[in-house]
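So the structure is just underneath, and the comments pick up after that.
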2 protein chains.
Amino acid sequence: MQTSDTVLMAHGSGGTMMRDIIEQLFFEAYAGDTLKRADDAAAIDISADRIAFSTDSFVVTPHFFPGGDIGHLAVCGTVNDVATSGAIPRYLSCGFVLEEGYPLEDLRRICASMAKTAKEAGVEIVTGDTKVVNRGHGDGVYINTAGIGELRKGVDLSGSHIQPGDKILVSGTIGDHGIAIISMREELSFSTEIESDAAPLNHMITDVLDACPAGSVRAFRDPTRGGLASTLNEFAEASGVDIRIEEDEVPVHDQVRGACEMLGYDVFQVANEGKMVCVCAPEAAEAALAAMRANKYGADAAIIGEALEGEGRVYLRTAFGSERILDMLVGEQLPRIC
Amino acid sequence: MQTSDTVLMAHGSGGTMMRDIIEQLFFEAYAGDTLKRADDAAAIDISADRIAFSTDSFVVTPHFFPGGDIGHLAVCGTVNDVATSGAIPRYLSCGFVLEEGYPLEDLRRICASMAKTAKEAGVEIVTGDTKVVNRGHGDGVYINTAGIGELRKGVDLSGSHIQPGDKILVSGTIGDHGIAIISMREELSFSTEIESDAAPLNHMITDVLDACPAGSVRAFRDPTRGGLASTLNEFAEASGVDIRIEEDEVPVHDQVRGACEMLGYDVFQVANEGKMVCVCAPEAAEAALAAMRANKYGADAAIIGEALEGEGRVYLRTAFGSERILDMLVGEQLPRIC
């Protein structure tokens with residue numbers, strides 16, 4: 001067998017080298033019985049009439065950053081997307097696009113991280129694919145994950161179900177992920193390191209759904225690229241309501257606020273990878289808040305605003321009582337944040 | 001709105017430009033009601049206790065080639081992987097990794113091709129993701145698809161279920177896809193153009209399963225990267241049998257055979273994207289063959305060999321009666337073929 005410390009084109013050949021990397025690296029890190037069967041498709045049990053299905057590709061750079069890495073992100077991102085529908089995430093696929101020359105040791109670290117996060121989230125990686133592209137046509141590693149979750153009976157959440165009077169909650173401080181990445185890229189240093197918030201939030205979502213009366217939770221969404229501002233604008237537009245946010249109620253770490261001021265970013269447009277926006281009926285808001293706060297990823301959760309009759313706009317009310325429109329991100333702020 | 005003829009970093013921002021490309025390009029090409037709901041996860045109906053789940057990334061270059069394009073391939077590849085398990089493919093996810101500067105017109109053609117192939121296969125693209133990487137970190141477009149199919153009751157196919165005496169079938173000529181791609185890259189010209197065979201084979205698989213007694217079909221696999229040789233070696237190893245192939249029975253286009261001789265390729269190791277290997281009990285072989293031949297993608301189907309007691313080796317018996325071991329591809333032959 002040809003051995004190497006780095007990814008070779010032959011690792012994507014469909015031949016013996018590909019078999020070796022699959023068995024020695026991917027299987028070693030996270031394979032259960034289904035993946036090890038090595039059939040082209042995984043045959044898996046589903047005990048629900050409806051399932052949630054989502055996909056995300058991850059192209060973040062750098063691959064390793066305070067609070068996480070691209071593998072951790074690849075599991076959290078898809079787990080969270082599946083969970084926002086109210087489904088219990090069960091299975092993940094994983095497709096790698098590797099660049100020739102990428103260190104296998106880094107890939108091994110990434111896979112170990114995926115395994116750890118999948119375990120925490122309670123999902124199994126059951127099928128995968130490996131492609132290799134020539135030097136200069138990638139960036140070490142890109143990862144796609146797709147996820148399947150089982151939808152509970154009677155749960156139908158959507159950004160289009162929001163009604164005037166509904167309360168808007170966020171599960172913690174915003175902007176941490178984006179600022180952690182940009183700090184590393186720009187080699188900024190702060191008195192305390194800012195860490196990415198990347199985390200699997202499916203258990204928190206289950207806790208909220210369990211704590212609230214049936215039908216009172218309208219939607220969850222994780223405010224990733226485009227930040228809280230984009231998520232709220234998507235909600236307002238999909239439901240044809242206005243949303244008003246109280247700036248003072250939105251939790252932001254001082255260091256993140258400072259970095260945003262220094263760098264000229266609007267913290268509401270900075271990406272998060274471990275936060276959840278929840279919209280629920282007003283009578284469920286306190287229960288949802290308590291459920292979030294009881295979860296280790298929701299200690300700083302807050303009710304930050306409400307939906308109003310309107311036409312799909314988002315307003316931010318400042319501490320001084322003035323209001324401004326909170327727009328969706330226009331152009332590009334922080335490329336390749338996830 | 002910022003307009004452009006090419007992909008900009010802002011198309012991956014999570015903001016307004018990303019919303020625009022999603023709505024104006026992806027939705028326009030292939031969105032049904034589920035995708036248009038634009039939630040983070042698609043909620044879809046499943047009427048089976050077991051599902052098949054598979055994923056594939058596509059990095060083929062060039063993106064357009066005789067007989068297909070990267071979009072056609074991205075749908076066929078995952079549809080076929082799901083179908084090999086005996087499942088009825090139903091839903092696809094689609095994740096794009098776009099390179100800054102890629103012409104939107106090319107992306108539009110690719111999406112139209114995906115829509116057309118999905119329609120033929122009877123699958124719906126229900127969820128997606130769009131990432132953009134900087135110039136010099138991609139190759140225009142990479143596509144990941146993941147697919148979900150419904151498994152019929154009682155169907156349990158696997159490369160590990162093969163028994164001595166089973167017959168090996170292939171649904172048509174081998175090597176067409178790989179040689180079509182390499183011909184285009186190397187600007188080789190032949191008296192007749194060699195076309196990729198890329199095709200969705202799920203309906204053919206259903207036809208074979210319907211035609212054969214329950215339990216008599218052991219496994220399907222599409223011999224993509226690594227070609228027929230890799231697929232047969234995977235089968236032999238997984239089931240602990242030997243496989244013997246009659247070289248004369250394996251259908252190969254004359255031009256493909258000629259190109260392989262000229263270029264020094266072993267046609268058994270060249271990729272296919274529209275062929276299926278089927279292993280079945282001997283008493284089912286004629287029915288399986290007839291079902292393949294009745295399908296438009298199986299006109300040249302043939303019984304090419306059989307499984308024997310053994311230890312996981314594959315033998316090729318030549319026209320002269322001599323035998324050689326048919327090895328799995330070692331190293332790399334045709335990079336980025338799919």
- Could you work out Rg/(2.2 N^0.38 Å) for the stretch B:9-151, with Rg from alpha carbons only? 1.02
- Message: Can you list residues from other chains, or at least 5 along the same chain, whose modelled amide H is less than 5 Å from the amide H of B:V314?
- Response: B:I243, B:L326
- Item | DSSP bridge orientation in the stretch A:159-325 - percent antiparallel, rounded to nearest 5 | 85
- Assign unit charges at the C-beta atoms only (+1 for Lys and Arg, -1 for Asp and Glu), then state the dipole size of the stretch B:159-325 relative to its Cα centre in Debye, rounded to the nearest 20. 220
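For chain A, take the alpha-carbon Rg, divide it by the Kirkwood Rh, and send me Rg/Rh.
On the way: Rg = 20.7 Å, Rh = 20.8 Å.
Using Cα coordinates only, the ratio equals 1.00.
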- Mind listing the label-point distances from A:G32 to the same position on all other copies, shortest first, one decimal in nm, points 7 Å along Cα→Cβ? 2.8
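Treating only the Cβ atoms of Lys and Arg (+1) and Asp and Glu (-1) as charged, compute the dipole magnitude of the protein assembly as shown about its Cα centre; round to the nearest 20 debye.
Working: 54 positive and 104 negative charges, 116 e Å.
With Lys and Arg at +1 and Asp and Glu at -1, about 560 debye.
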- Note on the structure: From fewest to most C-beta neighbours within 10 Å, the residues B:I70, B:I205 line up as B:I70, B:I205
- Note on the structure: Output row for B:D266: copy-to-copy label distances, label 7 Å along Cα→C-beta, ascending, in nanometres, one decimal, is 6.1
- Message: If you consider only alpha-carbon coordinates, what radius of gyration and Dmax does the stretch B:43-95 have, in Å?
- Response: 12.9, 40
- Item | All aspartates and glutamates inside 18 Å of A:K296 as judged from Cα atoms, apart from same-chain residues fewer than 8 positions distant | A:E120, A:D176, A:E195, A:D197, A:D207, A:D210, A:D222, A:E273, A:E286
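Normalising by the residue count of the stretch A:159-325, find the relative contact order in percent from Cα pairs under 8 Å and 6+ residues apart.
44
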- Note on the structure: Phi angles of the stretch B:15-31, converted by Karplus (6.51 cos²θ - 1.76 cosθ + 1.60, θ = phi - 60°) into ³J(HN,Hα) in whole Hz with x for Gly and Pro, give x, 5, 5, 5, 4, 5, 5, 5, 6, 7, 10, 6, 4, 4, 6, 8, 7
- Task: Quote the convex hull volume per residue of the stretch B:114-168, based on C-alpha atoms, as a whole number of Å³.
- Result: 195
- Task: For the stretch A:159-325, evaluate the Debye formula with one uniform point scatterer on each Cα (no solvent term) and list log10 I(q)/I(0) at q = 0.08, 0.11 Å⁻¹, rounded to two decimals.
- Result: -0.22, -0.42
- Query: When all C-alpha to C-alpha distances in the stretch A:198-258 are sorted into bins of 10 Å, what percent of pairs does each bin hold, rounded to whole numbers?
  - Reply: 16, 40, 39, 5, 0
- Task: Compute log10 of I(q)/I(0) for the stretch A:276-332 with the Debye formula, placing one identical point scatterer on every Cα and leaving out solvent, at q = 0.12, 0.23, 0.25, 0.30 Å⁻¹, to two decimals.
- Result: -0.41, -1.03, -1.06, -1.17
- Separation between the A:E261 and A:D210 pseudo-spin-labels, each 7 Å from Cα along Cα→Cβ, expressed in nm? 4.2
- Calculate one ³J(HN,Hα) per residue across the stretch B:224-236 by plugging θ = phi - 60° into the Karplus curve 6.51 cos²θ - 1.76 cosθ + 1.60, and present them in order as whole Hz with x for glycine and proline. 8, 3, x, x, 4, 4, 5, 4, 5, 5, 4, 4, 4
- Karplus couplings for the stretch B:76-84 from phi (6.51 cos²θ - 1.76 cosθ + 1.60, θ = phi - 60°), rounded to Hz, Gly and Pro as x? 4, x, 6, 4, 5, 4, 5, 5, 4
- Note on the structure: For A:T224, the residues 5 or more places away or on another chain with a placed amide H closer than 5 Å to its own amide H are A:N272
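Kindly give Rg over Rh for the stretch B:88-222, based on alpha-carbon atoms, with the Kirkwood expression for the hydrodynamic radius. Kindly include the intermediate steps, with their values, before the conclusion.
Numbers: Rg = 18.9 Å, Rh = 18.2 Å.
Across the stretch B:88-222, the Cα-based Rg/Rh ratio is 1.04.
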- Any chance you could get the radius of gyration and Dmax over the Cα atoms of the stretch A:151-235, in Å? 16.0, 49
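With 10 angstrom as the radius, rank A:K119, B:K167, A:K296 by how many other C-beta atoms surround their C-beta, starting from the fewest.
On the way: A:K119 13, B:K167 21, A:K296 8.
So the ranking, lowest neighbour count to highest, is A:K296, A:K119, B:K167.
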- When the label point is put 7 Å from the Cα of A:Q163 along its Cα-to-beta-carbon vector, which residues of the stretch A:216-234 have a backbone N closer than 14 Å? A:216-219
- Distribution output for the protein assembly as shown: share of Cα-Cα pairs per 20 Å bin in percent, first bin at 0, values 19, 51, 24, 5, 0
- Between A:F64 and A:Q24, with labels modelled 7 Å along Cα→Cβ, what's the label distance in nm to one decimal, could you check? 2.1
- Task: Neighbouring Cβ atoms within 10 Å as the yardstick, rank A:T61, A:T6, A:T84 fewest first.
- Result: A:T6, A:T61, A:T84
- Item | Label 7 Å beyond Cα on the Cβ vector: B:G312 copy-to-copy distances, nm | 5.8
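Taken together, the values in this text are just the output of simple stated rules run on the coordinates, not laboratory data. The model shown is predicted, which means the values in this text are computed figures rather than measured ones. Neighbour counts are summed over all protein chains in view; Cβ atoms, including those assigned to glycine, are modelled from backbone coordinates with ideal geometry.
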